[in-house]
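Please read the structure below before turning to the comments.
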Amino acid sequence: MTDLNIDIRMERNIRRYTAYRFFWGLLIIGPIIAPFLLSKGLSYTQIMALQSIFSIAIVVFEMPTGAVADMISRKHSLCLSGLCIGVSLLLFILFSSFYIFALAEILFGLGLTISSGADSALLYESLKKLNRQSAYAQVEGRASFYIFMGQGVGSIVSSLLYTLNPVWPYWCSLFSVLIAAGIALRFTEPDREKSEPAYH
(Lines give C-alpha, C1' and ligand atoms only; values in the text may rest on other atoms or scores of the structure.)
Protein backbone atom coordinates (compact mmCIF):
# COMPACT_ATOMS: atom_id res chain seq x y z
CA MET A 1 0.00 0.00 0.00
CA THR A 2 1.49 3.35 -1.05
CA ASP A 3 2.02 6.24 1.33
CA LEU A 4 -0.69 8.18 -0.53
CA ASN A 5 -3.24 5.43 0.02
CA ILE A 6 -2.28 5.23 3.69
CA ASP A 7 -2.72 8.99 4.07
CA ILE A 8 -6.17 8.86 2.44
CA ARG A 9 -7.27 6.00 4.70
CA MET A 10 -6.02 7.76 7.82
CA GLU A 11 -7.83 10.95 6.82
CA ARG A 12 -11.00 8.90 6.42
CA ASN A 13 -10.44 7.46 9.90
CA ILE A 14 -10.34 10.97 11.33
CA ARG A 15 -13.54 12.03 9.53
CA ARG A 16 -15.35 8.85 10.56
CA TYR A 17 -14.20 9.18 14.14
CA THR A 18 -16.52 12.12 14.82
CA ALA A 19 -19.49 10.24 13.32
CA TYR A 20 -18.59 7.14 15.31
CA ARG A 21 -18.40 9.02 18.60
CA PHE A 22 -21.65 10.89 17.86
CA PHE A 23 -23.71 7.73 17.29
CA TRP A 24 -21.94 5.96 20.14
CA GLY A 25 -22.90 8.84 22.43
CA LEU A 26 -26.60 8.61 21.53
CA LEU A 27 -27.34 6.11 24.26
CA ILE A 28 -30.35 8.10 25.47
CA ILE A 29 -31.63 5.66 28.09
CA GLY A 30 -30.00 7.35 31.08
CA PRO A 31 -32.91 9.57 32.16
CA ILE A 32 -35.50 6.79 31.98
CA ILE A 33 -33.68 3.68 33.26
CA ALA A 34 -35.39 3.62 36.67
CA PRO A 35 -38.97 4.20 35.47
CA PHE A 36 -38.41 1.75 32.60
CA LEU A 37 -37.30 -1.02 34.96
CA LEU A 38 -40.18 -0.20 37.32
CA SER A 39 -42.54 -0.59 34.37
CA LYS A 40 -41.00 -4.03 33.80
CA GLY A 41 -42.07 -5.04 37.30
CA LEU A 42 -38.78 -4.65 39.17
CA SER A 43 -38.49 -3.18 42.65
CA TYR A 44 -36.10 -0.40 43.66
CA THR A 45 -33.97 -3.00 45.46
CA GLN A 46 -33.66 -5.04 42.28
CA ILE A 47 -32.80 -1.93 40.27
CA MET A 48 -29.99 -1.07 42.69
CA ALA A 49 -28.78 -4.67 42.56
CA LEU A 50 -28.60 -4.43 38.76
CA GLN A 51 -26.55 -1.23 39.01
CA SER A 52 -24.17 -3.02 41.39
CA ILE A 53 -23.81 -5.91 38.92
CA PHE A 54 -23.04 -3.40 36.17
CA SER A 55 -20.37 -1.68 38.29
CA ILE A 56 -18.73 -5.00 39.17
CA ALA A 57 -18.71 -5.99 35.49
CA ILE A 58 -16.90 -2.75 34.62
CA VAL A 59 -14.19 -3.46 37.19
CA VAL A 60 -13.78 -7.13 36.22
CA PHE A 61 -13.63 -6.55 32.44
CA GLU A 62 -11.58 -3.35 32.28
CA MET A 63 -8.09 -4.89 32.09
CA PRO A 64 -8.79 -8.06 30.04
CA THR A 65 -10.69 -6.15 27.35
CA GLY A 66 -7.92 -3.57 27.10
CA ALA A 67 -5.49 -6.39 26.39
CA VAL A 68 -7.78 -7.77 23.69
CA ALA A 69 -7.89 -4.42 21.88
CA ASP A 70 -4.11 -4.13 22.12
CA MET A 71 -3.40 -7.64 20.90
CA ILE A 72 -6.00 -7.99 18.16
CA SER A 73 -7.56 -4.89 16.62
CA ARG A 74 -8.90 -1.52 17.71
CA LYS A 75 -11.65 -1.39 15.10
CA HIS A 76 -12.88 -4.92 15.80
CA SER A 77 -12.94 -4.12 19.51
CA LEU A 78 -15.11 -1.07 18.79
CA CYS A 79 -17.46 -3.11 16.62
CA LEU A 80 -17.71 -5.90 19.19
CA SER A 81 -18.41 -3.30 21.84
CA GLY A 82 -21.39 -2.01 19.88
CA LEU A 83 -22.72 -5.52 19.35
CA CYS A 84 -22.48 -6.35 23.07
CA ILE A 85 -24.38 -3.22 24.02
CA GLY A 86 -26.88 -3.83 21.23
CA VAL A 87 -27.64 -7.33 22.54
CA SER A 88 -27.90 -5.92 26.05
CA LEU A 89 -30.48 -3.33 24.98
CA LEU A 90 -32.43 -5.98 23.09
CA LEU A 91 -32.62 -8.11 26.24
CA PHE A 92 -34.06 -5.14 28.13
CA ILE A 93 -36.63 -4.59 25.38
CA LEU A 94 -37.78 -8.20 24.97
CA PHE A 95 -37.74 -9.57 28.52
CA SER A 96 -38.99 -8.73 32.01
CA SER A 97 -36.80 -11.02 34.13
CA PHE A 98 -34.37 -9.80 36.77
CA TYR A 99 -31.91 -12.54 35.84
CA ILE A 100 -32.06 -11.68 32.14
CA PHE A 101 -31.52 -8.04 33.06
CA ALA A 102 -28.52 -9.06 35.17
CA LEU A 103 -27.05 -10.73 32.07
CA ALA A 104 -27.86 -7.59 30.08
CA GLU A 105 -26.01 -5.41 32.61
CA ILE A 106 -22.96 -7.68 32.36
CA LEU A 107 -23.04 -7.44 28.56
CA PHE A 108 -23.44 -3.67 28.77
CA GLY A 109 -20.43 -3.43 31.08
CA LEU A 110 -18.43 -5.69 28.76
CA GLY A 111 -19.37 -3.51 25.80
CA LEU A 112 -18.27 -0.32 27.53
CA THR A 113 -14.93 -1.73 28.63
CA ILE A 114 -14.12 -3.21 25.21
CA SER A 115 -14.32 0.26 23.66
CA SER A 116 -12.62 2.02 26.57
CA GLY A 117 -9.47 3.65 25.18
CA ALA A 118 -9.59 1.76 21.87
CA ASP A 119 -11.34 4.63 20.07
CA SER A 120 -8.94 7.35 21.23
CA ALA A 121 -5.95 5.05 20.55
CA LEU A 122 -7.13 4.48 16.98
CA LEU A 123 -7.54 8.24 16.49
CA TYR A 124 -4.09 9.00 17.87
CA GLU A 125 -2.43 6.30 15.77
CA SER A 126 -4.19 7.59 12.65
CA LEU A 127 -2.97 11.13 13.35
CA LYS A 128 0.52 9.81 14.04
CA LYS A 129 0.64 8.22 10.58
CA LEU A 130 -0.07 11.70 9.17
CA ASN A 131 2.46 13.36 11.53
CA ARG A 132 -0.42 15.34 13.03
CA GLN A 133 -0.31 14.16 16.64
CA SER A 134 -0.63 17.77 17.79
CA ALA A 135 -4.17 17.87 16.32
CA TYR A 136 -5.37 15.12 18.66
CA ALA A 137 -6.92 17.46 21.25
CA GLN A 138 -8.68 19.45 18.53
CA VAL A 139 -10.21 16.38 16.84
CA GLU A 140 -11.17 14.82 20.18
CA GLY A 141 -12.65 18.10 21.35
CA ARG A 142 -14.77 18.42 18.21
CA ALA A 143 -16.04 14.86 18.63
CA SER A 144 -16.84 15.52 22.30
CA PHE A 145 -18.80 18.65 21.34
CA TYR A 146 -21.09 16.64 19.06
CA ILE A 147 -21.43 13.92 21.71
CA PHE A 148 -22.56 16.39 24.38
CA MET A 149 -24.89 18.12 21.94
CA GLY A 150 -26.44 14.79 20.96
CA GLN A 151 -26.77 13.69 24.58
CA GLY A 152 -28.35 16.99 25.60
CA VAL A 153 -31.00 16.79 22.90
CA GLY A 154 -31.28 13.03 23.41
CA SER A 155 -32.10 13.43 27.11
CA ILE A 156 -35.10 15.58 26.25
CA VAL A 157 -36.18 13.34 23.37
CA SER A 158 -35.77 10.27 25.58
CA SER A 159 -38.31 11.56 28.09
CA LEU A 160 -40.77 12.47 25.33
CA LEU A 161 -40.40 9.08 23.66
CA TYR A 162 -40.86 7.33 26.99
CA THR A 163 -44.24 9.00 27.49
CA LEU A 164 -45.32 7.58 24.12
CA ASN A 165 -43.86 4.12 24.63
CA PRO A 166 -41.36 3.07 27.35
CA VAL A 167 -39.28 0.92 24.96
CA TRP A 168 -38.77 3.55 22.25
CA PRO A 169 -35.69 5.15 23.88
CA TYR A 170 -34.15 1.66 24.03
CA TRP A 171 -34.92 1.02 20.36
CA CYS A 172 -33.39 4.37 19.39
CA SER A 173 -30.28 3.62 21.44
CA LEU A 174 -30.04 0.15 19.90
CA PHE A 175 -30.13 1.49 16.34
CA SER A 176 -27.65 4.22 17.19
CA VAL A 177 -25.09 1.86 18.72
CA LEU A 178 -25.41 -0.53 15.75
CA ILE A 179 -24.72 2.38 13.38
CA ALA A 180 -21.61 3.15 15.46
CA ALA A 181 -20.53 -0.51 15.19
CA GLY A 182 -20.96 -0.33 11.41
CA ILE A 183 -18.85 2.82 11.23
CA ALA A 184 -16.17 1.12 13.36
CA LEU A 185 -15.85 -1.66 10.78
CA ARG A 186 -14.98 0.95 8.15
CA PHE A 187 -11.98 2.22 10.08
CA THR A 188 -8.57 1.31 8.69
CA GLU A 189 -6.40 -0.20 11.39
CA PRO A 190 -3.10 1.76 11.48
CA ASP A 191 0.02 -0.40 11.39
CA ARG A 192 1.68 -0.38 14.77
CA GLU A 193 4.23 -2.23 16.83
CA LYS A 194 2.34 -4.45 19.23
CA SER A 195 3.84 -4.80 22.66
CA GLU A 196 4.20 -8.20 24.22
CA PRO A 197 3.63 -7.77 27.95
CA ALA A 198 2.70 -10.65 30.22
CA TYR A 199 -1.06 -10.35 29.66
CA HIS A 200 -1.85 -13.17 32.06
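Taken over the range 110-126, the criterion of being open to solvent by less than 20 Å² (accessible area, probe 1.4 Å) and either at pLDDT 95 or above or hydroxyl-bearing (Ser, Thr, Tyr) (or both) is satisfied by THR113, SER115, SER126. Exactly one residue among PHE22, PHE54 is of a type outside the set (Lys, Arg) and over 27 Å from VAL139 (Cβ atoms), and that residue is PHE54.
From the list SER144, SER120, SER155, SER134, which residue is part of a helix (DSSP H, G or I) and under 26 Å from ILE93 (Cβ atoms)? Show your work before the answer.
Working: SER144 fails: under 26 Å from ILE93 (Cβ atoms); SER120 fails: under 26 Å from ILE93 (Cβ atoms); SER134 fails: under 26 Å from ILE93 (Cβ atoms).
Testing whether each residue is part of a helix (DSSP H, G or I) and under 26 Å from ILE93 (Cβ atoms) leaves just SER155.
Pairing residues of the range 6-19 that are within 22 Å of PHE145 (Cα to Cα) with residues that are open to solvent by 60 Å² or more (accessible area, probe 1.4 Å) and of a type in the set (Ser, Thr, Tyr), at Cβ distances under 8 Å and at least 6 apart in sequence or on separate chains, gives THR18/TYR146.
Taking the range 71-89 only, how many residues are open to solvent by less than 70 Å² (accessible area, probe 1.4 Å) and part of a helix (DSSP H, G or I)? Give the steps one after another, and end with the answer.
Let us first name the residues in the range 71-89 that are open to solvent by less than 70 Å² (accessible area, probe 1.4 Å), namely 73-75, 77-79, 81-82, 84-86, 88-89.
Of the ones still in play, those that are also part of a helix (DSSP H, G or I) are 74-75, 77-79, 81-82, 84-86, 88-89.
Looking only at that region, the number is 12.
Tell me the residue from PHE101, PHE92 that is surrounded by 22 or more Cβ atoms within 10 Å (Cβ to Cβ), touching a residue at least 40 places away in the same chain (Cβ under 8 Å), touching a Phe, Trp or Tyr at 6+ places or on another chain (Cβ under 9 Å) and farther than 20 Å from ALA180 by Cβ, please.
Working: PHE92 fails: farther than 20 Å from ALA180 by Cβ.
Among PHE101, PHE92, only PHE101 is surrounded by 22 or more Cβ atoms within 10 Å (Cβ to Cβ), touching a residue at least 40 places away in the same chain (Cβ under 8 Å), touching a Phe, Trp or Tyr at 6+ places or on another chain (Cβ under 9 Å) and farther than 20 Å from ALA180 by Cβ.
Within the range 177-187, the set of residues being of a type in the set (Gly, Ala, Ser) and surrounded by fewer than 22 Cβ atoms within 10 Å (Cβ to Cβ) comprises just one member, GLY182.
Conditions tested, residue by residue: (1) within 15 Å of VAL68 (Cα to Cα); (2) touching a helix residue (DSSP H, G or I) at 6+ places or on another chain (Cβ under 6 Å).
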{"position": "PHE108", "(1), (2)": "no, yes"}
{"position": "THR113", "(1), (2)": "yes, yes"}
{"position": "ARG132", "(1), (2)": "no, no"}
{"position": "ALA143", "(1), (2)": "no, yes"}
{"position": "ILE147", "(1), (2)": "no, yes"}
{"position": "GLY152", "(1), (2)": "no, no"}
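Residues in the range 162-181 that are free of Cβ contacts under 8 Å to residues at least 60 places away in the same chain and assigned to a helix (DSSP H, G or I): THR163, LEU164, TRP168, PHE175. Figure legend. Inter-residue proximity from the range 26-43: first residues of a type outside the set (A, V, I, L, M), second residues not in a loop (DSSP other than H, G, I, E, B), beta-carbon distance below 6 Å, spacing 6+ or different chains. Indicated pairs: PRO31/SER155; PRO31/SER158; PRO31/SER159. If we keep just the residues of the range 18-70 that are more than 21 Å from ILE179 (Cβ to Cβ) and hydroxyl-bearing (Ser, Thr, Tyr), which is surrounded by the most Cβ atoms within 10 Å (Cβ to Cβ)? Selected residue: THR65.
The values are calculated or read from the model by the stated rules, or taken from the named source; none is laboratory data. Computed from a predicted model, the values in this text were never measured in an experiment. Using ideal geometry, Cβ is built from the backbone for each residue, glycine included, and neighbour counts are taken over all protein chains shown. Surface accessibility is based on the protein's heavy atoms, side chains included, excluding ligands, DNA and RNA. Shrake-Rupley method; radii C 1.70, N 1.55, O 1.52, S 1.80 Å.
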